[in-house]
Amino acid sequence: MSILTILLQALTAEQIQQRQDSIRANARQMVELAREDPHGFLHMTIESLVTFGIKVLAALAIFFVGMMLLRWVRTLLHRRFERRKTEPTIASFIISFVNISVVILLTIVSVSTLGVDTTSLAALLAAGGLAIGMALSGTVQNFAGGLMILAFKPFKAGDFIEAQGTMGKVVEVNITATKILTPDNRVVILPNGALSNGVIHNYNGRPLRRVEWSVSVSYGVDAAACKAAILAILNSDPRVLQADTDMKKLYDELKITAYQLSTVNYRMDAIPAPFVALKSLNSNDITFVVRVWVRSDDYWPVFFDLQERFYTELPPQGFTFAYPHLDVTMVK
């Protein structure tokens with residue numbers, strides 16, 4: 001048993017004893033007054049009941065009017081979030097937080113209207129909250145991590161990310177955990193505390209991405225002709241973005257908002273042309289680096305399709321791929 005628990009129990013027992021003593025003293029006074037002056041006792045009782053009834057009506061009025069205002073605020077927040085197309089997780093959390101906070105505040109105000117001293121109740125709630133917070137430190141850390149994710153939005157539902165050694169599509173983001181659907185159809189639940197403090201690779205974080213290949217061919221090929229052949233393959237694919245791409249039309253097609261375009265590193269004013277260059281001279285081959293820009297959704301289809309085209313279309317044109325080999329000359 002912790003020291004905090006013992007203190008809480010001692011504090012509660014002392015308060016209960018004080019209340020019991022106060023109730024006994026008041027009861028004795030009322031009994032004595034009823035014996036000595038029955039008429040005055042009746043008059044005082046009726047007056048006390050009327051006063052208490054007014055307090056009860058006032059407390060109920062405060063509570064129900066507050067609940068009506070809370071319903072109006074929830075509706076207003078819901079409409080505002082829909083109008084701004086706010087992330088559903090953020091909207092749900094804010095509305096729930098406002099609802100719980102206002103209900104607790106209304107309850108305390110209503111109870112205090114009845115004349116009940118809420119100081120000890122508030123102290124007890126604070127101590128209980130501290131004890132619960134210490135016991136659930138991991139959950140509180142995940143809760144804080146969820147707030148960080150919802151506030152800074154490193155990813156959202158539908159993004160393909162890599163974090164904590166897991167790669168997959170984000171299917172749900174809640175206050176304490178994030179659910180990831182892996183390519184082999186497994187659901188992995190990542191605690192938000194560790195997730196918010198770790199490295200996150202968001203592959204859908206930007207609307208456009210660069211695809212890169214390394215194409216190695218044998219020594220002796222015509223480098224300029226090989227570059228031209230690779231560029232011809234790149235330019236024949238309509239998914240590869242060109243330098244003359246109309247950026248406004250492209251962003252309209254991708255439904256990118258003005259707010260997103262104002263975000264740092266989100267907007268590109270022009271697309272770099274497809275790029276091919278001789279990267280390295282190796283022991284058995286020469287390597288060309290190939291780079292193009294595509295829409296994020298086209299990344300993997302373009303990567304695999306053009307890699308297959310390099311393999312099938314370059315060798316018939318005389319650009320053979322190198323492989324480790326050894327030439328042996330025998331002299332008689």
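General observations
- Where A224 falls short, out of the listed (1) closer than 27 Å to F143 by Cα; (2) open to solvent by 30 Å² or more (accessible area, probe 1.4 Å); (3) of a type in the set (G, A, S); (4) at pLDDT 90 or above: (1)
- Set D184, D252, D159: member being modelled with pLDDT of 90 or more and over 23 Å from V290 (Cα atoms): D184
- Residue ID - most open to solvent (accessible area, probe 1.4 Å), chosen from residues in the range 239-289 that are among the aromatic types (F, W, Y) and closer than 30 Å to K85 by Cβ: Y259
- Residue check, K153 closer than 23 Å to M268 by Cβ and at pLDDT below 85: yes
- Meets criteria (in a loop (DSSP other than H, G, I, E, B) and open to solvent by less than 50 Å² (accessible area, probe 1.4 Å)) for I230: no
- The set of residues in the range 158-170 that are farther than 14 Å from V188 by Cα and among the small types (G, A, S) contains only G158.
- When we screen V171, V188, V140 for residues that are of a type outside the set (F, W, Y), part of a helix (DSSP H, G or I) and free of Cβ contacts under 8 Å to residues at least 60 places away in the same chain, the only hit is V140.
Matching residues to (1) free of Cβ contacts under 8 Å to residues at least 24 places away in the same chain; (2) touching a helix residue (DSSP H, G or I) at 6+ places or on another chain (Cβ under 9 Å); (3) under 12 Å from V211 (Cβ atoms); (4) of a type in the set (F, W, Y):
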site: T287; (1), (2), (3), (4): no, no, no, no
site: W293; (1), (2), (3), (4): no, no, yes, yes
site: Y299; (1), (2), (3), (4): no, no, yes, yes
site: V302; (1), (2), (3), (4): no, no, yes, no
site: D305; (1), (2), (3), (4): no, no, yes, no
site: R309; (1), (2), (3), (4): no, yes, no, no
site: G318; (1), (2), (3), (4): no, yes, no, no
site: V328; (1), (2), (3), (4): yes, no, no, no
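The values are calculated or read from the model by the stated rules, or taken from the named source; none is laboratory data. This structure is a prediction, so every number in the text was calculated from the model and none was measured. Backbone-built Cβ (ideal geometry, glycine too); neighbour counts: all protein chains shown. Ligands, DNA and RNA are stripped out before the accessible areas are found, and what is left, the full protein with its side chains, is counted by its heavy atoms. Shrake-Rupley method; radii C 1.70, N 1.55, O 1.52, S 1.80 Å.
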